[in-house]
Amino acid sequence: MTTTVAPQPNAAAAGRPARGWFAAKAGLRTGERFVSPSRIGAIVALVVLAVFWLLPFLWAVVTSFKSETAAAATPVSWLPPDGFTTDAYANVLREGNIPLWTWNSLITSVAITVITLAVTALAAYAFSRLDFTGRRWLFWAIIASIIIPPQVLIVPLFYEMLTLNLVDTYWAVILPQVVHPAMVFILKKFFDQVPVELEDAARIDGAGRLRVFWSIVLPLSRPIMAAVAIFVFIAAWNNFLWPFIATSDSSLMTLPVGLQTVKSAYGLQYAQVMASAVLAALPLVVVFLFFQRQIIKGFATTGFGGQ
């Protein structure tokens, strides 16, 4: 008995685009159109939101390259009549100790990131895997501490640093910023998803708890650890209030605090204010450009991406 197979209709003739290389890269399923009204609307909405988000930053960059006269002129204009200049950057770099302040910010931000990763990772693993008395209540206490405003703790933290003779030291800037309850929660939720069977197999081979954590859990947690490190680093770099309170020595000031002193010395000069803001934000832009894949992957693995 001969079976005749009916010819399949051509995808283009049926009004559907064939699944080619571009469709595979774009994540389209077979039979899905490249352009749909909902997709166009989403793209337009994202473009509009991106423009609104970038507009203040672009205005700051443009203003920083204006003269003080053009920056304060009314009506405002994107293109100054006397052209662009780098005088604002030259004045800020000449009057302020930018290299030293940048080095201080780098030291404190890296130290805060490393200590925070060590403390939060160990605490999250303990809450995820160890069964001890009061674990549930202690975990909920840590979660509840997220709602406490950091400004409420400024006075007791300053008195603590004063008692320990740590004021005007790097440790006064670092230690109060290594407590991140939200990161404990994020890492704990990620460790809950790591298969316990992998750890059981390692313990059968004679590995201890710390060896399992170091050799099994941490390598599997690289995306989320990278995301947490980036979030903590950015928060530490941008922190102005606590370093401003904990240090009065200009040689220990971080970049945001030091730039604020420069702006205060100049008074209200818009071009130099914007130049200082661009200089402070530039390292974070570089960090994001180099680690944007880890940031996006961290959002997905922590559940912020809807997974």
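The values are calculated or read from the model by the stated rules, or taken from the named source; none is laboratory data. If you're wondering where the values come from, they're calculated on a predicted model, not measured in any experiment. We place every Cβ from the backbone using ideal geometry, glycine too, and count neighbours over all the protein chains shown. The accessibility values were calculated without ligands, DNA or RNA, using every heavy atom of the protein model including side chains. Shrake-Rupley method; radii C 1.70, N 1.55, O 1.52, S 1.80 Å.
A few points about this structure:
- For segment 129-138, the criterion of being assigned to a helix (DSSP H, G or I), buried (at least 20 other Cβ atoms within 10 Å of the Cβ) and out of contact with any His (no Cβ under 9 Å at 6 or more places or on another chain) is met by none of the residues.
- Any hit, segment 112-134, residues being touching a residue at least 12 places away in the same chain (Cβ under 8 Å), out of contact with any strand residue (DSSP E or B) (no Cβ under 7 Å at 6 or more places or on another chain), under 22 Å from Ile245 (Cβ atoms) and not aliphatic (A, V, I, L, M): yes
- Any hit, segment 228-239, residues being of a type outside the set (D, E, K, R) and either open to solvent by 60 Å² or more (accessible area, probe 1.4 Å) or farther than 25 Å from Leu289 by Cα (or both): yes
- Look at segment 186-203: where a residue is outside any helix (DSSP H, G or I) and a partner is open to solvent by less than 30 Å² (accessible area, probe 1.4 Å), sitting 6+ places away or on another chain with Cβ atoms under 7 Å, you get Val194/Val217.
- Scanning segment 48-79 for residues that are part of a loop (DSSP other than H, G, I, E, B) and of a type in the set (A, V, I, L, M), we see that the one that is most open to solvent (accessible area, probe 1.4 Å) is Leu79.
- Subset of segment 147-166 (residues that are of a type in the set (A, V, I, L, M, F, W, C), outside any helix (DSSP H, G or I) and modelled with pLDDT under 90): Ile148
- Matching option when the condition is touching a residue at least 40 places away in the same chain (Cβ under 8 Å) and either within 19 Å of the chain's Cα centre (by Cα) or in a helix (DSSP H, G or I) (or both), among Val212, Val232, Val286, Val273: Val232
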